1. Keeping all protein chains in position, work out how much accessible area Glu214 exposes to a 1.4 Å probe, and write it in Å² to the nearest 10.
2. Return the distance in nm (one decimal) between the two label points of a simple spin-label model at Ala131 and Ile211, each offset 7 Å from Cα along Cα→Cβ.
3. Dimensions of segment 136-295 along principal axes (Cα, Å, largest first)?
4. Using the Kirkwood radius over Cα pairs, work out the Stokes-Einstein diffusion coefficient for segment 208-264 at 25 °C and 0.890 mPa s, in µm²/s as a whole number.
5. Over the heavy atoms of Ile328, what accessible area does a 1.4 Å probe trace out, to the nearest 10 Å²?
6. Calculate, in nm to one decimal, what Asp159 and Gln121 gain on full extension: separation in residues at 0.36 nm each, minus their alpha carbon distance.
7. Roughly how much of Lys29 is accessible, in Å² to the nearest 10, using a 1.4 Å probe?
8. Given a 1.4 Å probe and heavy atoms of the protein chains only, how would you sort Thr272, Thr201, largest accessible area at the top?
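The values are calculated or read from the model by the stated rules, or taken from the named source; none is laboratory data. Just so we're clear, the structure is a prediction, and the values are computed from it rather than from any experiment. Quick reminder, even Gly has a Cβ in these numbers, built from the backbone with ideal geometry, and neighbours come from all protein chains shown. For accessibility, only protein heavy atoms count, side chains too; no ligands or nucleic acids. Shrake-Rupley method; radii C 1.70, N 1.55, O 1.52, S 1.80 Å.
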Amino acid sequence: RKAEAEKNRSVSNLRAAVICVLGHVDTGKTKILDKLRRTSVQAGEAGGITQQIGATNVPIENIKEQTKIVRGISQTEFRIPGLLIIDTPGHASFSNLRSRGSSLCDMAILVVDIMHGLEEQTIESLNLLKAKKTPFVVALNKIDRLYDWSTMSRKDVRDIISSQGPNTQNEFQTRTKQVILQFAEQGMNAALFYENPDPKTYVSLVPTSAITGEGMGNLLALLVTNCQSMLAKRLMFSEELQATVLEVKAITGLGTTIDCILVNGRLREGDTVVMATSDGGSIVTQIRSLLMPQPMKELRVKNDYIEHKEVVAAQGVKIAAKDLEKVIAGKILSVESGGVVCSGQPIISGLNILVARSPDEVE
Ligand code: GDP
């Protein structure tokens, strides 16, 4: 099954990339997410984003709209279906995975406040990303706080910077150099994204303001192009399930539920899943319902879910089932399809969710 799932993967069928936002407190992680969401909502009809469980799904149509201001973007062929951005900045599910399995995130945004440079938690995040070998781009945020900054939204950030007065440009250059030096002290090459000599060995800095929205289009464009050029293989859709439990939550009327990020594969109502529990054991349970929020007209309406028969990666989904109380968040789930008997299977690592399906169900 595994071999077959592997064989059927193709670069012409990519899944959405899962993106995490990391960085020191107060650098603007939440604000960047808000801005991405709000701009997306305002971009309106053109492939509106959907608020999912624990994540925001930004479809490629929407990204096209938001990146129109980026110079040279018309030459880019968009091949991923979108970005799935994990909502909770610095969520434990990311750091819990430090020493285990592969990372939940395909790519990360590391937020640095241009006025402060690298701070304690920036360095912690950096080490985490290095350890997980997770590629990332840096949002060099709060550029609007540079001396005498004049805001020009709806323009490529390169043009916005070169249109600033000489003092502002000087301050920008000085602060950017300082950040690049601080990266060098951490043993990393960094460069402004438009001066980056080699994106494989230099991390790109994208000047942004989460308040004015400047640079956000450039950030999205860079995420998409980097994902496509560096991660095409990893992003090929596979029937082999890969998912992570973000949270275990009791919901009135539903009982204990788990919020998952389905990174690859698909989940169906009625699937039998095996999950590791906090006491070192495991539970076998059947998915009673797969829940996603109502399509969004405005931002999130609480506890208003729609049931789905099937959910295909990458998406955020809430699972309602019996016996979920002891399931542990922050674990990687994986699936063995093809009628696997779950008990006695390699749950030993305590990390896996197994889904039992008969072979004909898989097609
Ligand atoms: P987090 O702790 O990293 O999630 O940071 P927040 O998103 O909560 O932002 C911390 C503070 O910085 C808030 O007061 C934000 O309004 C402010 N902030 C965030 N991004 C920007 C920005 O680009 N420019 C300015 N001027 N302020 C910002």
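1. Number for this one is 0 Å².
2. Calculated label separation equals 3.5 nm.
3. Each principal axis gives a Cα extent; for segment 136-295 these are 64, 34, 30 Å.
4. Using the Kirkwood radius from Cα pairs, D works out to 167 µm²/s.
5. Counting only protein heavy atoms, Ile328 exposes about 50 Å² to solvent.
6. Details: separation 38, 0.36 × 38 = 13.68 nm, distance 3.11 nm.
Length gained, Asp159 through Gln121: 10.6 nm.
7. Spelled out: Lys29, probe radius 1.4 Å, area about 30 Å².
8. Values: Thr272 40, Thr201 80 Å².
Sorted by accessible area, descending: Thr201, Thr272.
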